[in-house]
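I have placed the structure first, in the form of structure tokens, so that the comments after it can refer back to it.
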Amino acid sequence: MAEPRAPQSLTARVLLAVLLILMLGGLLVAGSTWWNGRLAARQSYDRLLLGAASDIAESIRIQAGQPLVDLPVSAFQLLAQAPDDRIFYQVRDATGRFITGLDETTAIDAPRGADSAYFEAALNGEPARFVRVTRRFAERDYSGQIVVLVGQTLHARRAMTRTLMADALLPMAIAGLALVLMSGFVVRSALRPLEALSRNLMQRDPYDLTPMRTDRLPRELQGTIAAMNRFMARLDRQVDAMRNLISDTAHQLRTPVAAIRVQAETALDDRETRARSLERLLARTRSLGTLLDQLLSRAMVIHRTDSAPRLPVDLREVALEIVERRDHEVLAPGVEVRLKIGDLPVMVTADPFSLQEAARNLLGNALRHGQAPVSIGAERRGDRAVLWVRDGGPGPDKAVAERLGSRFNRDASSAEGNVGLGLSIVHSVAAAFGGHVEMTRHNDGFEAALILPASPTEGPE
Amino acid sequence: MTRLLTLLLAAVLLFPVSARAQEAVAEFGTGATRLNVRSTTDIGIVRPVIDRFIDLNPDLSIRYEQWGSNALFANSRAACAGDGPVADVVLSSAVQQMVWLVNAACAHRYRSALTAALPGPRIWRDELWGITAEPAVIVYNKRLLDSAQVPRSRFALLDAMRNRPDMLRNRIATYDIAESGLGYLFAFSDSLEATTFGAMLEGFARVDAIATCCSAEIIQGVARGRFLIAYNVLGSYVATARAPEIGVILPEDYTLILSRAFMIPRGARHSAGAERFLDYLLSPEARPTLIQSGLVTVLDPLETGLLPSARRAISLSPALLVALDKHRRQGLFALWDDAFRPVGGP
């Protein structure tokens, strides 16, 4: 039982069950047919037996005060309807005196307490059935009853039972066979899509993560395949993200690292400008640190969008926390950041950490590239929840603005900072939670906003 | 034990001839396996058949015992009850007794292609087989009886007995049914077959017919002119007697056809050899020999003028048990004794 076995085929399992059911049914039917056949055979041959016994009883007459049996041949011809059966007959009077019979010495042991005229007993060591018929006489010279006992072995009964059974069972056996064949066919055809699916999966390139077709599959399999497709899509995205991250990281790091090397060489070569070079080196290194932070944050964001659970988040709290963390004081000392939030919660369903990262990058861009006054806020615009950052500047050039959001967006003017990577994080977050990024120019400045679908208002209200 | 004694007592009382045992014994062949065959058939008749069988089966030899039918019945019954040696083959013309033995579970079962090919009336339970086909005939003395006077049916015989009782007085013979199981069987079959039986007995009584034993004796009597007519004689004995004076009639109203019954007793020591003997007797090869011996009579309607509907085969069936019923026998014997009062005359 416990030892491992080769996996059983679903077809075989279903067919085995069908076969077992059919066999059980067949056994029950065979049993009942046998019973009925036996009953029918017993009834018909019991009638013959009774007819013969009655014939014999009828032929008894009283002659000179003695019962005389004029044994009728017809009785034996009746019994000969069972041509291969042995016969027994015996006529006795009430006192058990033998009048006539086949053999005086053969005694039949009738079962005790058998009320019925029929009983079964052994005849010369062979099972046989007997009938007892009593005839009463009330003559002048003879009075009393005479018992006729007639018996017959059971060959013909058994043969008839067998014939009846065979006649009934043969068509059923054929029908059963047809049922087995048909169920085999049905089961195979029902399981064919599963086989096709299994074959398809086996033949699939392990790197092929495109979704499988579900339109021709039965409903029972649609769910499985849909789940599998979802899983593969996520895998696909993660693999993509990983690949992008690596290539981004290499790309982003190449220029700063090259610059640092140049600065270091310069500082080494030129003693006069060493102090200045070291200062630049420091600035570069700091910038590189920021870049690494951003890369890490982006990687985190991309990872989390697929794996972290989505929770209800209030965008006001995100804005508030950004301001309260006071990162901007390091980034742009002296610049004041205003927080503009209302009374109503601005609820979205998202990952809080990713939203924090997006907000931080939006604010960082505004502080680096914009002009005072810089403000951050959250509000509901219709069915959209908006987290925005505004500054008093004109915003990026049109050409830059168009390219914003793509991953490699660095130009000379932003050598110190990194607007491109920051925005790309915002974009990723927006895409992950079904939103987008909007940049608009107002009369009094520039607004960059992360726009997400608002969840139905709930929570503290 | 008491049962056995009762049986013996009954056998002795019912069949007083049983003490006589076998009438003749013959040995055939020198094979190692010796079949003990007990039969009612005369050795002289059956000899060529057995000779041929032994020729074909040199490993077998046969001790052939010729018995009277009632004695053979008593012997087989006793052997079946465990008293006395069991024969390997019992072959009897008194088929009712054989049916009784089979019904009493005294027989060995056997089935082969040849036995299975037997027609229904000649096989019972695969334990009893009809080997021969012998008609019960009327024989007459050709010299003493011209062809116009020959009775061709029972009706003609009845008329003859009524019209010329003087001529036939004391000169009609038939089997004594008390002595011969075969005679009893024929009488019983006649009593079932037609109402002529009563009239026949009456006629026999009128002409003081003779009831006597043994086919050979009757046929010789006819041949010598002691009897003019013999009724219900087994045709095979006539055929082998080869007496030119004897004419044979197959009664046209009906002719009884007897098939001697072959049984292998249960507990036979050489049942395999007995089975071979049975298969030989039923085989096409034995048929010419059987026909020559008169044991099988081919009843060609063209030759004999006997209509197929007039053939009455005595079939091996439990209905023959009626013949052995005590009351039935008593009734038949009573009628018989009325007809054949103590035999007079030489």
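In table form, for the structure just shown:
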item: Residue under evaluation A:THR290, criteria (1) modelled with pLDDT under 80; (2) surrounded by 15 or more Cβ atoms within 10 Å (Cβ to Cβ); (3) in contact with a helix residue (DSSP H, G or I) (Cβ under 7 Å, 6 or more places away or on another chain), criterion not met; result: (3)
item: Lone qualifier among A:GLY151, A:GLY184, A:GLY176 - being part of a strand (DSSP E or B) and either more than 13 Å from every other protein chain (Cβ to nearest Cβ) or modelled with pLDDT of 90 or more (or both); result: A:GLY151
item: Filter pass, A:LEU253 being hydrophobic (A, V, I, L, M, F, W, C), within 29 Å of A:GLY370 (Cα to Cα) and in the same structural domain as A:ARG390 (by TED's automatic domain parsing); result: no
item: Contacts under 8 angstrom Cβ, first residue in segment A:307-318 being surrounded by fewer than 22 Cβ atoms within 10 Å (Cβ to Cβ), partner of a type in the set (Gly, Ala, Ser) and not in a strand (DSSP E or B), 6 or more apart; result: A:ALA308/A:SER354; A:PRO312/A:SER455; A:PRO312/A:GLY459; A:ASP314/A:GLY459
item: Residues satisfying the stated conditions in segment A:344-385, i.e. β-branched (Val, Ile, Thr) and either under 19 Å from A:ASP444 (Cα atoms) or crowded, with 23+ Cβ neighbours inside 10 Å (or both); result: A:VAL346, A:VAL348, A:VAL374, A:ILE376
item: Residue that is nearest to B:ILE314 (Cα to Cα), among those in segment B:143-199 that are basic (Lys, Arg) and surrounded by 17 or more Cβ atoms within 10 Å (Cβ to Cβ); result: B:ARG154
item: Only one of A:ALA53, A:ALA12 that is in contact (Cβ under 8 Å) with a residue 60 or more places away in the chain and away from chain B (no Cβ under 11 Å); result: A:ALA53
item: Single residue of B:ALA268, B:ALA261, B:ALA323 found to be buried (at least 17 other Cβ atoms within 10 Å of the Cβ), within 27 Å of B:GLY44 (Cα to Cα) and touching a Leu at 6+ places or on another chain (Cβ under 8 Å); result: B:ALA261
item: Residue check for A:PRO83: out of contact with any Ser or Thr (no Cβ under 6 Å at 6 or more places or on another chain), in a loop (DSSP other than H, G, I, E, B) and within 14 Å of chain B (Cβ to nearest Cβ); result: yes
item: Residues of segment A:71-94 classified as without any contact (Cβ under 8 Å) to a residue 24 or more places away in the chain and farther than 22 Å from B:PRO119 by Cβ, total; result: 2
item: Answer residue from segment B:79-135, given it is of a type in the set (Ser, Thr, Tyr) and buried (at least 23 other Cβ atoms within 10 Å of the Cβ) and is nearest to the other protein chains (Cβ to nearest Cβ) among those; result: B:SER92
item: Helices (runs of 4 or more DSSP H) within segment B:75-187 that include 1 or more residues without any contact (Cβ under 8 Å) to a residue 12 or more places away in the chain; result: B:113-116, B:154-163, B:165-168
item: Enumerated helices (runs of 4 or more DSSP H) restricted to segment A:255-338, each holding at least 2 residues that are farther than 30 Å from A:SER455 by Cβ; result: A:274-307, A:328-331
item: Wholly within segment B:227-312, helices (runs of 4 or more DSSP H) carrying at least 2 residues that are in contact (Cβ under 8 Å) with a residue 12 or more places away in the chain; result: B:235-241, B:271-282, B:286-292
item: Any hit, segment B:305-318, residues being surrounded by 19 or more Cβ atoms within 10 Å (Cβ to Cβ), among the hydrophobic types (A, V, I, L, M, F, W, C), in contact with a Ser or Thr (Cβ under 9 Å, 6 or more places away or on another chain) and closer than 30 Å to B:ASN57 by Cα; result: yes
item: Identity of the residue in segment B:330-339, within 14 Å of chain A (Cβ to nearest Cβ) and without any contact (Cβ under 8 Å) to a residue 24 or more places away in the chain, that ends up surrounded by the fewest Cβ atoms within 10 Å (Cβ to Cβ); result: B:ALA334
item: Residues located in segment B:188-197, provided they are in a helix (DSSP H, G or I) and either away from chain A (no Cβ under 14 Å) or at positive phi (or both); result: B:THR196
item: Those residues of segment A:258-306 which are in contact with a Pro (Cβ under 7 Å, 6 or more places away or on another chain) and not aliphatic (A, V, I, L, M), in sequence order; result: A:ARG284, A:SER287
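Per-residue answers, yes or no, for (1) under 21 Å from the mean Cα position of the chain (by Cα); (2) not small (Gly, Ala, Ser); (3) not assigned by TED's automatic domain parsing to the domain that holds B:GLU179:
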residue	(1), (2), (3)
B:ILE45	yes, yes, yes
B:VAL49	yes, yes, yes
B:ILE62	no, yes, yes
B:LEU72	yes, yes, yes
B:ASP83	no, yes, yes
B:HIS108	no, yes, yes
B:TYR140	yes, yes, no
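The values are calculated or read from the model by the stated rules, or taken from the named source; none is laboratory data. Here the structure is a predicted model, which is why all the values come from computation and not from measurement. Using ideal geometry, Cβ is built from the backbone for each residue, glycine included, and neighbour counts are taken over all protein chains shown.
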